[in-house]
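The values are calculated or read from the model by the stated rules, or taken from the named source; none is laboratory data. No experiment lies behind these values; they were computed from the predicted model shown. Reconstructed Cβ throughout: ideal geometry from the backbone, glycine too, with neighbour counts over all protein chains shown.
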Amino acid sequence: MYDSAINYKQKMLKAANPSDMGRVSAIESSLGECYFRKGDHSKALTHFRSALEILTKLTSQKSLLAEVYDNIGRCLHEQGNYQEALLYTQKSIDITIAVNGEESLDAAVRLGNLGVIELSLGNFEKSVELHRRSQQGCLKAVG
Amino acid sequence: MHLATATSYNNLGSSLHSLGSVEQAISCFNSCISISEAVLGNYNKDIATVYNNLGLSYHKKQQYQQAIDLYLKSLHIKQSKHSTAKNSLATSYINIGLSYKCQGNYDQAVQNY
């Protein structure tokens, strides 16, 4: 299922105008998402990093930028690179709060992703605190 | 009711379990299960994982029979024809074996390992 999606998106990427940076970064990001779901975290990371490289040059697309930082954090976590994952996920949360506000669902979910990393690092109290904030945020945002 | 909230309960439960706050962890896993079952139905692999987590918390409380019942529930979901989680059956058998061992029920433990 993911392979046909990947094929299709690769074709979209080839057909895209390289100067349309918003579109190219969106395709790179969704390719990263496909590989992540497929369980290929290394390829996912490559595509998310390509998307990030473009997005950091743009002044718009801040929501996608926050999403890509979060996804890189998830990839690094899966690879066991917890310290670096922490930096990317924190960066994602900072942007998410600036763009969507502290009470958005995205902010709540990404606080939870930070909690998952802290748990892997063995920081149980910090992890509980983050997950409490995440759970209360989710309840407020979507019930 | 939203799956993001269910996930946040499961995450909080896992952290509380690791911290040793087992009663609070159990309450979080139960909240996660009620939301997930309402949204996804009963035969989803994510719910099987949460039943397994709940079993781990009862195991930590040394309520081994309760733990075994929950692991079996998780196993039953994973084995069902609707399930997408057939590849994580091994985890269930290992946990069931461990709880039987702690109960002193070595024959059952060996069968599950």
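Is at least one residue of the range A:68-77 surrounded by fewer than 21 Cβ atoms within 10 Å (Cβ to Cβ), outside the structural domain of A:Lys43 (by TED's automatic domain parsing) and of a type in the set (Val, Ile, Thr)? No.
Evaluated against (1) touching a residue at least 24 places away in the same chain (Cβ under 8 Å); (2) closer than 17 Å to B:Gly13 by Cβ; (3) among the β-branched types (Val, Ile, Thr), A:Val142 falls short on exactly one condition, (2). For the range A:119-129, a residue qualifies if it is surrounded by 16 or more Cβ atoms within 10 Å (Cβ to Cβ) and at the interface with another protein chain (Cβ under 8 Å from one of its Cβ atoms), and the qualifying residues are A:Leu119, A:Phe124, A:Ser127, A:Val128.
Residues in the range B:54-67 that are under 9 Å from the mean Cα position of the chain (by Cα) and closer than 22 Å to B:Gln111 by Cα were compared, and the one that is surrounded by the most Cβ atoms within 10 Å (Cβ to Cβ) is B:Gly55. Under the condition of being assigned to a helix (DSSP H, G or I) and free of Cβ contacts under 8 Å to residues at least 24 places away in the same chain, which residue from the range A:11-42 is surrounded by the most Cβ atoms within 10 Å (Cβ to Cβ)? So, considering only residues that are assigned to a helix (DSSP H, G or I) and free of Cβ contacts under 8 Å to residues at least 24 places away in the same chain, the one surrounded by the most Cβ atoms within 10 Å (Cβ to Cβ) is A:Ile27. Within the range B:1-59, the set of residues being among the aromatic types (Phe, Trp, Tyr), away from every other protein chain (no Cβ under 13 Å) and assigned to a helix (DSSP H, G or I) comprises B:Tyr51, B:Tyr58.
For the range B:61-70, the criterion of being closer than 14 Å to B:Ala6 by Cβ, part of a helix (DSSP H, G or I) and touching a Ser or Thr at 6+ places or on another chain (Cβ under 9 Å) is met by none of the residues. Residues in the range A:41-78 that are out of contact with any Asp or Glu (no Cβ under 8 Å at 6 or more places or on another chain) and aliphatic (A, V, I, L, M): 8 in all.
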